[in-house]
Every structure is written in structure tokens, then in C-alpha cells.
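A short worksheet on the structure shown next.
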Amino acid sequence: MPDYPSTNPSGIPYHRILFSILTLLVHEPTLVQACLVGCLTSMTFTSYWTTLTFLLSSPPYSYSNLIIGLFALIGILGMSFGPPFSRFVIDRFVPLFSVIVGELFCLTGIVIGTYTVPHTVAGPVLQAFMLDIVLQTSQIANRSAIYTIAPKARNRVNTAYMVSVFVGQLVGTAAGNALYAHGGWVRSGSASVGFVGAALVFCFARGPWEKGWVGWRGGWGLRRRDLAGPGAAAGTGGQGTRTGDDEEKGPGAAGPTAGSGTGAGDDEEKGRGLEMARGGMGAVDAGGEKDGNVAAEAKGEEPSPAKGQQGGSAAGIVA
């Protein structure tokens, strides 16, 4: 297993961990609400799948074991519905809203599947599809609610929730068998309607922003408020980024100043070049003057400054 850092570095004895699970159930109303709703929802799920085999194997259907087993493939469609529901509903609204929507969806499927059986088998098929959707969405929504209770005790919170789900599955299986034996499919399905009704009562008994055990104090808002904080922080961070860009523009602003200094250096170099050019022209003039005097001496004439200057000018022009 990966060596992850412990969320409780000081260490907690195992018996205290187990006892703390009971403590969470006493002090955390959100966890208790999620456990009750999860338990009742699981009761409807296992009651349906247990009694469905009795229904399909008896008249008027009398399906074989293979056909009855193929009904389990309906769950694949329900699983494919989970990710989009999580993205567009659970991630945007409070978990309680997602649970209520799921329970209403479940209630619709149970009513259709229970009271249309004498006429068509399409009712139980639709019920299977809707139950699989509800089981996934309700568990995802409930866990998103309870994981915020104790960040350092998420495993214990999940243990409490899953134990309640397993208890609901056991009770649903036993109750479904007993009710089917005494009253058939309609009676067991009617019990599932009651289970979902009880789950909705627990959902409406406590609002999403209520801190106590019962009530709707804190508002009726359905949008998740915990998603507004990071967005605001991101906006502040964006302003910080823009400020940082302005700070980066400071050295950029100094850049033109340095460029101006560089331009001044270029002007100095150009000035030096001009001086060197003037010096070269002076050297040429001096050389030309000497050449003019030498030519005059060769002709037997006396050297004169004017001729030297003309020769220098000519030499300068030629140059």
C-alpha cells in the first residue's frame, strides 16, 4: 500500500476509533439524516430484486433462469446515467436537493413497476432502471454531504454510512420476502412505496443549511455555497496576477530608459567616428599639400601654399 501521511499523526487506539463512530452519530445530524435516507433507499432496492425472481418465474411470465438473469443488465443503463447526473446536478446543487430528486424518481419507478404488473412486464423493467439510477445518485450525494463533517475522520464517517446501507439491504430482503409470501408483488411493492415516503420525510425534516436536528434555518437556497469561495479566491488571484504583470511592466518600462542610454552611447560613438573622419580629412589635406609642393619643385617652381592647398583639395576630391 502507498505510504500516505496519516491524517492523525498523534495516533488513536483502535477501540477509540470504533467508539468515535458512535459519537459521530450522536453529534452529527447531517450524518444521521444521510444514514436514514440511505438505509430506506437500500430497502427498496433489495426488496425489488429479491421478489422480482419470484414474479418472473411464476405465471403469467414463467421465464427461465437465463431470462431472469438478463434483467440484471438493465443496471448498466442506470450506471451510465450516474456521471451526467453528478456533473449537472450534484456538483451544482446542495446534496439534499439531489437526494430529493432521486427519491422522487425512485417513487415514480416503484409506483409504475408495482401497479402495472398485471398488464405488462415493462413496468418492472422501468422500475429496475430507475432504482439503479437512484441508488447511485443518492449514495454519491449523501457522501458528498457527509465527507465535509470531519475531514480527519472520513473513513469513520463512511463506515457509519455504509453500515446503515447494509442494514437497509438486509431488512429490505427480509421484508420483501415476507410481504410477497403473504400478499404477492403488489404488497411488497406497496411497502417499498412506504419506504421511499419515509425517506422523503427525513429529507424534508431538515434543510440543507440547518445546523440543528430539525428545521430549515439558514435559508432555502439550493445552490452550493462552498463553490463560491474558491471562485472568489480565484478572482482575487487574478487581480494579483494582473498586479504582478504591472510589476513586470516596471522593468519593461525601465527597458526603454536603458535603450535610451544605449542610443546615447551610439551617439557618442558616432561623434567619435565623425572626429576620426575629420582627422582623416585633415591628414589627407596635409598629404595633399605636401604632394603639391613636391610637384612644384619638380617643375622648377617655388612651392606655394595655394598650390599645396589646391593639390590637397584635388587629392581630397579624388579621395
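For this structure, a couple of remarks:
- Residues in the range 148-179 that are modelled with pLDDT under 90 and either surrounded by 15 or more Cβ atoms within 10 Å (Cβ to Cβ) or among the small types (Gly, Ala, Ser) (or both): 4 in all.
- Helices (runs of 4 or more DSSP H) wholly inside the range 72-175 containing at least 2 residues that are under 20 Å from Pro208 (Cβ atoms): 95-115, 122-146
- Residues (within 16 Å of Cys39 (Cβ to Cβ), without any contact (Cβ under 8 Å) to a residue 40 or more places away in the chain and among the aliphatic types (A, V, I, L, M)) located in the range 120-162: Met162
- The range 103-129: number of residues that are aromatic (Phe, Trp, Tyr) and over 14 Å from Gly184 (Cβ atoms): 2
The values are calculated or read from the model by the stated rules, or taken from the named source; none is laboratory data. The structure displayed is predicted, hence computed values, not measured ones. FYI the Cβ positions are ideal-geometry reconstructions off the backbone, even for glycines, and counts take in every protein chain you see.
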